[in-house]
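The values are calculated or read from the model by the stated rules, or taken from the named source; none is laboratory data. Keep in mind that what you see is a predicted model, and the values were worked out from it rather than measured. With ideal geometry, Cβ positions are generated from the backbone for all residues, glycine too; neighbour counts draw on all protein chains shown.
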Amino acid sequence: MNELILVGSTAHPSKKLSNFFVQLTIRQTYPMPRPFHQKANANSRLILYLVVALIIYPQYTQCQQLIPKFSVLNSDVGLSQNSVYTIYQDRQGYMWFGTGDGLNRYDGRNIRVFKAGTGDHSANNNTIRGNICEDHIGGIWYTNETGIYSFDPATEQIRKWVDFKTDVVTYYTGIMIDHDQRFWMLNPTKGLVCFDPVTRQLTELLIPVTVAQPELIIRAEKSGDDILLFVTGLPGMIRFNTRQKKFDIVLKDLLLTTASAVPGGLLLWTGNKLWMYDSLTSQLTSVPIEPGAVIRSAIRDQDNRIWITTQGQGLMAYWTQSNKSVSFKHDPNIESSLPFNFATTMLLDRTGNLWIGTDGAGVAKLDLKASRFNRFPVPGETYPGLNEYFVRCLYEDPDGRIWFGTLNHGLCVYNPITGTVATFTVSGSKPSSKSSNNSVTSLLAMPDGNLLVGHSDGIFMLNKKSGILEPVLLATSYQARGEFRAYQMIREDNHTLICATSYGMVRLVLGPDGKYKATAPFPFAGAATSLAIRADSVWITTRMFGLTLAHINQLADRHSSPLLARMNLLNIHQDELMDSILWISSGSGLIRFNQQTRQYKILNEAHGIKGNLVYGLIEDDQHNYWFSTNSGLCFMDRQTGNIRLFTVKDGLQSNEFNSNAFHKGQSGTLYFGGVNGFNWFRSGAELSRQPSPGAAVTAVLVNNVPAHNDSTFYISKQLTLPYHRNDLAFEMAVFDYSQPESNQVQYQLDGWEDQWFTSPFMLVRYHNLPPGTYTFRVRGSSGGNPWGPEASVRIVIEAPFWMTSWFYSAVGVIFLIIVIAVTRTNARRKIARKLQQLEKQKALLEERERISKDLHDDLGSGLSRIFILSEMTRKSGTRDQEFAQHQLEKISAASTELLTNLGNLVWSHNPANDSLLKLFAYMREHLGQLFDETPIALTITLPEPEADILVPATWRRNVYLSVKEALHNVLKHAHASVATLTVVITGNTLCITVQDNGVGFDAQAIIPGNGTGNMKKRIQDCGGTMEISSAPGKGARIQFDIPIPAAPDVAL
């Protein structure tokens, strides 16, 4: 008969003491050639260890059986093929499945398939043989009969390193990547083969044994730095150390076919036995398995259970604590069973999930973690006498048994150690059988050890010694009304009980005969649902009447008007740390009521209570709050007020619970009942032991296009983008595969957001981000566990050139230059305007001085002459008429000259005359008059310009007086008969020539007089030049070259 033999070490040091005790008592050992440590007789100590374990650690004995619920990934959900030959979890957390048609990566929600390049048409090039191996940078390596391949996580491409070009079909299977990043493989004919990716060299190492039959199968397994080799038909195990490059043969007495490395030892398969080999003690241990089982792989989990995949007989498991073997096989009638009995490989991931590869049905997953909540009924178990599990109330007795009242099956008690259930019902001789069911609504432990039971037919006392339910006498009025229900019972003192019943609040008083009798109820508009004693008063809740505070000794009178009227109040709980606070469960939510101020606050869906309906609340040992609803079980942290919801996916009996079905036992265990049984757990601290999962950013989409992956981005986790590629989306994954649908992420984009956001969705988008540097952070959680470590990606969105610092600097410099230039220009303009104003003022002053001078010179001298002549004439009297007449003629000539000078002065200062045409006209009129009574013939030649040209008054006057002075000189000194005045405009220059045919003079010898000096000065003031040419006997010639000014001065 085939036999599965387990060879194992002592209990793992991290295991609980109770598990250690049990493990010591069940181990069977078999002598081997190597020495063993002497063991005590386990059978003689079994009872003692069990008793100690149950007394010291009672809560640990309430262990549930493993729920064999398999979930499956296959080709229907994206797997490239249903034949899975190898499974691996990489350092980041991704699951990898090697199939006969490609490499598959799974992140909990999506499967991505990677295959060799389309240009490689080798047969079976996408088949993965042996182990999937990971190098130090996260590259995934595998091999087959066509070559050596690696998956580059940066580019997400598969590269073929070596092409096995041979006509002989030979298989290579991957084994491991060693500390030097060399890839080790096994070839049946060549032995061990090592590939160095740096040198790209293959090294073959022959196995140091003689194989008589070449077709014999050779298998290899990894164990630390060692490679373990097995040759069919040859005893022992060949061990090769990759560091020392040495072979040796161990366990020569066993004919082995394969092995699996586990913490502390090896699992060894001999073909009909499985051995657990302890590397410290060299001890072997075995257990029987199903006959004919062919083992493909075996592992040991954290609870010291051995899991075995078989070829055709499904999945097997061995419990070391109970010495029990269990088989899991495919059942076509059960959807959650193992999908296929041909199991090829196995892997235990970091969050306690067992992955089983099959040859034809994909990969199955089994969650090995203990349920968050203990559950009754245990899935898969049946309990005679019970066909429904609608629980109405709960109680934990000192022996750890769980008493519960049901809707139709009366009172039951469950022993979590033995897994048995006993029922107690009211017999046909019960005092009143008005009800149509056998419902138990409340339980209360009495000081004598008996149990008070609220039943649909009244109140009963369970005598635990006799097991008989004895009725408590009630008032006749209750019995006449029919069905009487007690929803809650509390002790007022040792002789009195107060009950919330369907007829209001009732007091039960212990009589002299040792039996309780009911008094008249405190009347309500509806039934009382819950009670809470406060000193000599009691708070009473009802479904419609509200909340009332009544005196215990004056139940006939209401102590206060009802509060929270018309609210469906179900239960009341006195806060254990705050005396003034009551927690009231209701159909509107959880009500926090202050007894002193009568103020209250309702916590509802807005605060995280789904559906609003709350059945009841109790506090755990840490004084955090647990309350049941129709949507699951809620946990509320006392410090933060955060509410966390647990559902049926977390192991609850159902999402729907019941009124009054909650209880806190003396051990601190919390109990909650519902429509499909009840759950119990030790305390809130026990629920935080699940590992925190890792998270990752699986893809970055830029403008809805996946960002190009390269080595730089993969290593640095930084992406640099231009300013117009600023719509980003981040795909995320949480690497907890227990319940992927319950995974959540918290994310934050540093540089844009200042807080974390929580979401069940694995995609977040950001639109139109401004240029800057951002860090996207993400962390994951599963089922409300603490948040795991962060993963991050750095994003740099480059600014356009007009938003860069150098552009700002350039613009700043340009702006500064412009400001300086504008400032200088404005300053120059201001200075120019100021100079212009000063020049105008100067011109005005000069003009005033000139006018004053002209008036003094022309008019003053003329008037003085007239005055002198007049005085001379007056003094002569009538004595000399001829002299007087001559003097009068002189006065007349002086007056005429004075008027002429005055006219010249007025003409020169009149702005209307500031033009060349006016100047030429005035010269023609007045200069010609100088020669009217002289023998000199004057010829005046003046130009006729196409357009009148404006000239300044000063310029005009200087030109006129200079020409007039030149003509005066002709009259006084030339003795000429002919004189000419010629004016020509050449370009921008006025050329004036005065010429005569007089006696002339020596221009070099003559000393210029005042007239010549005045002419020269006036012409220079106009910016021009004066040239005199003459010779004795040849007349004289004076030429003025005067530039015509661009614009006249401002008129005065």
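The test for being more than 30 Å from Pro339 (Cβ to Cβ), modelled with pLDDT of 85 or more and either crowded, with 19+ Cβ neighbours inside 10 Å or touching a strand residue (DSSP E or B) at 6+ places or on another chain (Cβ under 9 Å) (or both) does not hold for Leu354. Within region 760-767, is even one residue surrounded by 11 or more Cβ atoms within 10 Å (Cβ to Cβ), charged (D, E, K, R), under 11 Å from the mean Cα position of the chain (by Cα) and modelled with pLDDT of 95 or more? Scanning region 760-767, I find no residue that is surrounded by 11 or more Cβ atoms within 10 Å (Cβ to Cβ), charged (D, E, K, R), under 11 Å from the mean Cα position of the chain (by Cα) and modelled with pLDDT of 95 or more, so the answer is no.
Within region 304-342, being in contact with a helix residue (DSSP H, G or I) (Cβ under 6 Å, 6 or more places away or on another chain) and over 19 Å from Trp269 (Cβ atoms) holds for Gln321, Asn323. Residues considered: Gly449, Gly380, Gly400, Gly454. Of these, the only one that is within 21 Å of Lys517 (Cβ to Cβ) and either in a loop (DSSP other than H, G, I, E, B) or touching a residue at least 40 places away in the same chain (Cβ under 8 Å) (or both) is Gly454. One residue stands out in region 945-1002 among those that are outside any strand (DSSP E or B) and of a type in the set (Val, Ile, Thr): the one that is farthest from Asn1014 (Cα to Cα), namely Ile949. Inspect all residues belonging to region 204-214 and state whether any of them is touching a Lys or Arg at 6+ places or on another chain (Cβ under 7 Å) and at pLDDT 80 or above. The answer is yes; a qualifying residue exists. Strands (runs of 3 or more DSSP E) fully within region 569-638 that include at least 3 residues being closer than 28 Å to Ser537 by Cβ: 569-574, 581-586, 589-594, 600-603, 614-619, 625-629.
Conditions (1) in a strand (DSSP E or B); (2) touching a Ser or Thr at 6+ places or on another chain (Cβ under 8 Å); (3) not assigned by TED's automatic domain parsing to the domain that holds Ala364, marked per residue:
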{"position": "Phe230", "(1), (2), (3)": "yes, yes, no"}
{"position": "Gly233", "(1), (2), (3)": "no, no, no"}
{"position": "Phe247", "(1), (2), (3)": "yes, no, no"}
{"position": "Asp253", "(1), (2), (3)": "no, no, no"}
{"position": "Gly271", "(1), (2), (3)": "no, yes, no"}
{"position": "Gln313", "(1), (2), (3)": "no, yes, no"}
{"position": "Met316", "(1), (2), (3)": "yes, yes, no"}
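Here are Gly812, Gly783: which of them is touching a residue at least 12 places away in the same chain (Cβ under 8 Å) and either surrounded by fewer than 21 Cβ atoms within 10 Å (Cβ to Cβ) or within 30 Å of Val72 (Cβ to Cβ) (or both)?
Working: Gly812 fails: touching a residue at least 12 places away in the same chain (Cβ under 8 Å).
From the options Gly812, Gly783, the qualifying one is Gly783.
Inspection of region 1009-1021 finds a residue satisfying the criterion of being in contact with a Pro (Cβ under 8 Å, 6 or more places away or on another chain) and either surrounded by 15 or more Cβ atoms within 10 Å (Cβ to Cβ) or not in a helix (DSSP H, G or I) (or both).
Just one of the listed residues (Ser327, Ser336, Ser297) is in the same structural domain as Thr258 (by TED's automatic domain parsing), in a loop (DSSP other than H, G, I, E, B) and either crowded, with 19+ Cβ neighbours inside 10 Å or hydroxyl-bearing (Ser, Thr, Tyr) (or both), namely Ser336.
If only residues of region 368-401 that are among the polar types (S, T, N, Q) and within 49 Å of the chain's Cα centre (by Cα) are counted, the one that is nearest to Pro68 (Cα to Cα) is Ser371. Taking region 596-618 as the range and being crowded, with 17+ Cβ neighbours inside 10 Å, within 33 Å of the chain's Cα centre (by Cα), farther than 10 Å from Cys634 by Cβ and not β-branched (Val, Ile, Thr) as the test, the residues that pass are Asn604, Asn612. Of the numbered criteria (1) in contact (Cβ under 8 Å) with a residue 24 or more places away in the chain; (2) not in a loop (DSSP other than H, G, I, E, B), the one Phe807 fails is (1).
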